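To keep things clear, I will list the structure first and then write my remarks on it.
Just so it is clear, none of the values below were taken in a lab; they were calculated from the coordinates. Owing to the predicted nature of the structure, the values given are computational and were not obtained by experimental measurement. Heads up, the Cβs are rebuilt from the backbone with ideal geometry, glycines too, and the neighbour counts pull from every protein chain shown.
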Amino acid sequence: MSIDINKVAQDAIDAISEKIKNLKQLNIIVAGKTGVGKSTLINSVFRDNIVETGMGKPVTNHMRKITKKGVPLAIYDTRGFELGKEVQTEVKKEVIDTINVGLASKDVNEAIHCIWYCINTASNRIEPEEIEWLKDLSDENKVTQIPIIVVLTQSFSKKKAQEMKNTLVSENLDIIQVVPVLAEDYEIEDLGVVPAYGLDVLIQVMEEALPEELIDTLQNVQIASLKAKKIRAQAAVATASVAAAGEGAAPIPFGDCALLIPTQLSMIASITVIFGFNVSKSIITALISSTIGSGGATVLGKAVVSNLLKLIPGAGTIVGGAISAGTAGVITAALGEAYIGIMELVFKGDMKLDDLSTKKGKETMTKLFKEQLAIKK
Ligand SMILES: Nc1nc2c(ncn2[C@@H]2O[C@H](COP(=O)(O)OP(=O)(O)O)[C@@H](O)[C@H]2O)c(=O)[nH]1
Ligand SMILES: [Mg+2]
């Protein structure tokens, strides 16, 4: 059976598009006074500078919906908190109305999934009216139960943030977490720079609060926690390698390795979606040709498999032209881990997306793949 690498890469791209198309939209209301750091926070947590891209579309008197093409996320940004009690009451009503409209649609893409209430730690105090607002909101949210997270912004003083957190906790508010963050590095004159922190905690709290059907979306849109992306991606690799081993429960004639390809493509698609990069066909072609290979007419040709087996301790050789179930699983896992490794380099800025299909990119992929094979049994 011959496999065309060009076709395999195209199938992978199709699988990625399909997964992206099926992502549910994540909808978050972000409330708090002007100047507390909402826009800075949103741009630090989510990809593609979502806030800068426009003023958003007004949905109520004091709320605008910010979206960006290609990002399965909507932020409902509130305004006017600093204008006093009357406006705050209006904002609260608009928030509850928006939640109810979302629920009435019975569509996960329209529902509000989370509320972030932002308080500036650097402001040194929590206004009693803000606590009251949160109390009223959580009362009205008793039935709807949308998770409310208080984000303490500009928390360059961890001590002040902790004090503020203690105050909020002592109020017994119906909120799921109080998370101190510093979205961007903060320079204190003469004292140096306080590095940004806490956004990964916010992602973790979100991951625990959101339903499973929104977790791929969360990972796709967030840029604050590499760790969270890797954990999710590694779970996809584990699933695929178990499936590959299952498909190969009987020894796989190497010609039938085509059977494994859909599992591996689905895995590659999952990892791509989790990292949220715009991966092109040439990158996938580079990945496949520099790992499982494109030797001869087959993607996993006999010669390629023979060479791979030499790398896997205890894998043996092709017996009667077949590889074992375990070997299929190992190769799948190594491919997945190598791809995660590459995505990690891009995430950290150590490699550009465009570099991946170059000679250097391919060499890096081969190296990561071989490393993965060598440490696995
Ligand atoms: N260094 C630093 N500045 C921040 C941070 N958050 C907010 N700021 C600054 O505070 C000001 C108001 O922030 P902005 O995000 O526009 O607040 P918004 O009105 O709530 O959207 C801006 O000058 C930001 O640069 C942060 O985490 N670090
Ligand atoms: Mg703003």
Under 19 Å from LYS348, Cα to Cα: lysines that are on another chain or at least 8 residues apart: LYS227, LYS229, LYS230, LYS360, LYS362, LYS367
Most positive-pole-ward Cα, MET55, CYS114, SER170, against dipole of segment 24-221 from beta carbon charges: MET55
With Cα atoms, 0 to 90° folded angle of helix 261-275 axis to the chain main axis: 30
Separation of alpha-carbon centers, segment 76-145 and segment 16-47, rounded to whole Å: 16
Qualifying lysines (Cα of each under 16 Å from Cα of LYS68; at least 8 residues distant if same chain): LYS21, LYS24, LYS57
Placed amide H near ASN120: partners under 5 Å, 5+ positions off or other chain: THR153
Placed amide H near TYR186: partners under 5 Å, 5+ positions off or other chain: VAL194, ALA196
Counting DSSP beta bridges with both ends in the chain, the antiparallel % (nearest 5): 45
Packing-based ranking, highest mean first, of 65-74, 113-122 given that Cβ atoms within 10 Å are counted: 113-122, 65-74
Among ILE231, GLY361, VAL193 the positive-end extreme of the charge dipole of the chain (Cβ point charges): GLY361
Residue among PRO211, PRO262, PRO180 with the largest mean-square fluctuation in a Gaussian network model of the chain, springs linking Cα atoms under 10 Å: PRO211
The chain: relative contact order as a whole-number percent, Cα under 8 Å and 6+ apart: 18
Long-range amide H partners of GLY80 with built H, under 5 Å: THR34
Set of aspartates and glutamates near LYS142 by C-alpha distance (under 13 Å), chain-local residues within fewer than 8 positions excluded: ASP174
Extension reserve of the GLU363-ASN109 stretch, reckoned as 0.36 nm per residue once the Cα distance is removed: 87.4 nm
Dipole magnitude of the chain, debye to nearest 20 (Cβ charges: Lys/Arg +1, Asp/Glu -1, about Cα centre): 1300
GluC sites (Glu not before Pro) within segment 45-127, DSSP loop, no more than 12 other Cβ atoms inside 10 Å: GLU52
In order through segment 20-37: 3J(HN,Hα) via Karplus (6.51 cos²θ - 1.76 cosθ + 1.60), integer Hz, x for Gly, Pro: 5, 4, 8, 5, 6, 7, 8, 10, 10, 8, 10, 10, x, 5, 4, x, 6, x
